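All of the numbers you see were taken from the coordinates with simple rules; none came from a lab. This is a predicted model, so every value here is computed, not measured. Methodologically, a virtual Cβ is constructed for each residue, glycine included, from the backbone with ideal geometry; neighbour enumeration extends over all protein chains shown.
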Amino acid sequence: MFQDQADEKTEILDEFQKKLRAAKNLIDSLEINRVRWEKDKNNYNNLKIRLIGDVGISCAFLAYCGPFNTQFRSKIVEQYLKKIAIGLKFPFNDDLDLINFLATPDKVGAWNLMGLPNDELSKQNGIIIDKSKRFPLIIDPQNQARTWLERMFKSKSEGCMKWITDLNDSRLLQ
C-alpha cells in the first residue's frame, strides 16, 4: 500500500515535471517573439499617428489629381499636398504609396485580370474610378478603359453601356 502511494506520487511528480518543462519551453519561445512584437507594436503606433496625414493626402489626390498624368500627379503630391500637410502639422508617411494605401493588391490584381493595364497611371485611374461617386470623363483612344469597365461591370452591362460613350456614336451627332 505504501509502495503504491509512492509510485502514484512519483507518476504525478513526473507528469508535473513534464508540464513544467512544456510551460518553460512555451515561455522561452514567446520571449523570442517579444522583440518582434514590440517592434510591430511601435510600427503600428507610428502608422496610427500618421494615418490622418496619409488620409488627407489620399483624399486630396482622389479629388484633384484625376485629370493629370503620372509625372504631374507625383509632382502635385510631393510639392503641394505634402507641404500642405506639413503646414497643417499633420504627420504622414514620407514614403506613402497611394496605390497600396487606397487599394488592396487583390483588388488591383482582379482589375488586371479584367483588362486594366499594370502601369502606375492605370492603377491610379482604376482607384479614382473605384472611389468616385460620379462617372469620370475618360479619354480612351485605345479602348483599354472601356474594355476594363465593361468587364468590371459585366453583370450591369446594360447600365454600363448607357454611360460609356464613343465619339463615333451617331447619338452624339444628333
Arranged by the count of other C-beta atoms within 10 angstrom, fewest first, what order do 152, 1, 114 take? 1, 114, 152
Expected unfolding gain across residue 20-residue 121 under the 0.36 nm per residue rule, minus the alpha-carbon gap, is 30.5 nm
Take the Cα atoms of segment 1-111, find their three principal axes, and give me the spread along each one in whole Å, biggest first. 92, 36, 17
Any of 39/133; 18/41; 83/154; 82/133; 48/133; 82/131 with alpha carbons more than 31 Å apart? Name them for me. 39/133; 18/41; 83/154
At what distance in angstrom do the alpha carbon centres of segment 76-120 and segment 9-56 lie from each other? 33 Å
For the chain, modelled as a GNM with alpha-carbon contacts under 10 angstrom, which of 109, 126, 66 fluctuates the most? 109
